[in-house]
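Beneath this line is the structure, given in structure tokens, with notes to follow.
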Amino acid sequence: ALQSANEEVLSFRKTIATIGEYFTRDFMPKIIFNKLYDFDQILNDTQREFGLDMDQNKAKFSELVGQTAIFGLSTKETGEFMGKLGQNLRTTNWDLLGTAAKDMAAISKATGLSVDETVDLGTQMMFYGRTSKDVANFTEQTMQMAQKYGLNAKKVLQDFTKALPTMRALGWQGGEKALRDMVLQAQKLGQNMDDLTTYKKKLRTLEGSIEA
């Protein structure tokens, strides 16, 4: 623990020393030092919690933070996107997670989904072979369809994400687009997707089939 603490202090001092080549501490506003400390702290926290090699990819992460900031994400949220996607997809591949985090940030901004909801949506689709770009395109199409039907796109995506693992477990063969159509239709008719999946579960048992 002591060694880890010392490494963090040294890392921070190294950052300050580098900047010191161009500015003096008296000249640099205090807020910049605070931001640098926060950034370094988030790197360390993300690396500890998710096992990502943040130290070796500090420049890449800094660039990624600048890109996700366009969508209103903080440095911490960007790290959470990468870490949680990595956990769910069981990978530490930096390039894959960096690209995915950027795409998920755009989805979160456009739909209003939280970090966890967006990660769940991305995971459900990427785990079965879709890329993060596929997820982004699917989301955009879903938003357009929801708008056409006068529905809340965020609610459509929430119901879709919730239903997808259940329907897969039940042997659903229709794919994501067919399930999306089902969710859209259910919401249009005022039906609850939970009721539909429960009914489908009952039909998978002999007793349930007789009762139906």
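The values are calculated or read from the model by the stated rules, or taken from the named source; none is laboratory data. Being a predicted model, the structure only gives us computed values, none of them experimental. Virtual Cβ from ideal backbone geometry, glycine too; neighbours counted across all protein chains shown. Accessible surface areas use protein heavy atoms only, side chains included; no ligands, DNA or RNA. Shrake-Rupley method; radii C 1.70, N 1.55, O 1.52, S 1.80 Å.
Looking only at the stretch 138-171, how many residues end up being open to solvent by less than 60 Å² (accessible area, probe 1.4 Å) and not in a helix (DSSP H, G or I)?
Adding up the residues that qualify gives 3.
If I go through the stretch 61-77 residue by residue, how many of them are open to solvent by less than 30 Å² (accessible area, probe 1.4 Å), within 17 Å of Thr111 (Cα to Cα) and assigned to a helix (DSSP H, G or I)? Spell out the reasoning first.
Within the stretch 61-77, the first condition is being open to solvent by less than 30 Å² (accessible area, probe 1.4 Å), and the residues that meet it are 61, 64-65, 68, 73.
If we keep only those that are within 17 Å of Thr111 (Cα to Cα) as well, we get 68, 73.
Applying the additional criterion that residues be assigned to a helix (DSSP H, G or I) yields 68.
Number satisfying all stated conditions: 1.
Residues being in a helix (DSSP H, G or I), in contact with a Ser or Thr (Cβ under 8 Å, 6 or more places away or on another chain) and open to solvent by less than 60 Å² (accessible area, probe 1.4 Å): count how many of those fall in the stretch 111-135.
So the count comes out to 8.
For the stretch 132-167, how many residues meet the condition of being under 27 Å from Leu97 (Cβ atoms) and without any contact (Cβ under 8 Å) to a residue 24 or more places away in the chain?
3
Restricting attention to the stretch 114-137, does a residue exist that is farther than 25 Å from Phe71 by Cβ, under 23 Å from the mean Cα position of the chain (by Cα) and modelled with pLDDT under 85?
No, every residue in the stretch 114-137 fails to be farther than 25 Å from Phe71 by Cβ, under 23 Å from the mean Cα position of the chain (by Cα) and modelled with pLDDT under 85.
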